[in-house]
Structures are given as C-alpha cells and as structure tokens.
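Structure first, commentary second.
The values are calculated or read from the model by the stated rules, or taken from the named source; none is laboratory data. None of these values were measured; they are calculated from a predicted model. Cβ atoms come from the backbone with ideal geometry, glycine included; neighbour counts cover every protein chain shown. SASA here: full protein model, heavy atoms, side chains in, ligands and nucleic acids out. Shrake-Rupley method; radii C 1.70, N 1.55, O 1.52, S 1.80 Å.
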Amino acid sequence: AVRLFPNWVVRHVREPSLHTAEWLKRPVLQFLVSPKMNKIEIAEYLRKLYGIPVTKVHTANYIGDTKANPKNPMRRIKQSDFKKAYVYLYDEEGAQRPRYHEVEAQLTPEALASWPAKPGLSARELRGKSNKMKAQSGAAD
C-alpha cells in the first residue's frame, strides 16, 4: 500500500500581504508548508484533498527565528524552519494566462493595423518600402 500523503501540515494564511501586479488577473493563495514538500507535492496535495484548481506554485524557504529563552536567559530557542507556498489558481477566464499576455494584445488585428511595422518584414525591407514611397511622393509633386 502506498501512502498518498505523509503527515504534512499545510496551513492557509488568511490575509497575506501580497502585492501582485494588476495584470495578474487570477487569485493567489498563500500556505505555510513543510520545508520537505516540493511544488508538485503541494499542488497535488491541494488538488486531491481540497479540490483547489491549482495552475502554478511558487515557493520560498525561510529559516526559523531564534528567540530568548524565558527560563534560561543564557540560551536561545530556535523556531522551526518553514516554507511559504504561493498557489496560483485559475483566472477569471477559466484557464491559465500566459506569462506575458500583453504580447497577445499586441497581435490582435487592431494593434497590428495601428503599428507601422508588420510581422515578417525586416528593417531593410521596411526602409526600402519607405524610400520607394518617398520617391513616389517626390515624383508626384
């Protein structure tokens, strides 16, 4: 028999101070997890146990603080190490957005029509076209 998950404690941070960019239009949850868990295990844990629609997981390892021992001032107590997991969920459209979705907006027909450079033309070809247009406009005058 294979144990699906060992004795891991995953604690949800209710009000994290996340400063995500405005273009990131998907919710992010923060969890405190065991330092031994990797990103794949965190995603599977949250999907299987809680049914959370995880698309991506970022992690950050932290070393536990040392504090003064109230019983013996000469000794210090070290708190346990922990890992923070930032879990990205599906966005409002239902799927994971590409990292640079601004590129998609630039490839729309309206954006391409408004931009002077067309995809597929090199700078040399564009210069040649502009020189021909200048010559034609100069000949027409």
### Task
Give me the percent of the accessible area of segment 10-89 that comes from carbon and sulfur atoms, probe 1.4 Å, all protein chains in place.
52 percent
### Task
Any of Lys39/Lys67; Lys56/Lys83; Lys48/Lys83; Lys36/Lys71 with alpha carbons more than 26 Å apart? Name them for me.
Lys39/Lys67; Lys36/Lys71
### Message
Test of the criteria: in segment 39-95, which GluC sites (Glu not before Pro) are in a DSSP loop and have at most 15 other Cβ atoms within 10 angstrom of their Cβ?
### Response
Glu92, Glu93
### Message
Let me check I've understood the local charge: for Asp81, count other residues with C-beta under 13 angstrom from its C-beta, Lys and Arg +1, Asp and Glu -1. What total comes out?
### Response
+3
### Task
Could you tell me which of rounded, prolate or oblate describes segment 10-89, using a ≥ b ≥ c as the square roots of the eigenvalues of the alpha-carbon gyration tensor, with rounded for a/c under 1.5 and, failing that, prolate when a/b is larger than b/c and oblate otherwise?
prolate
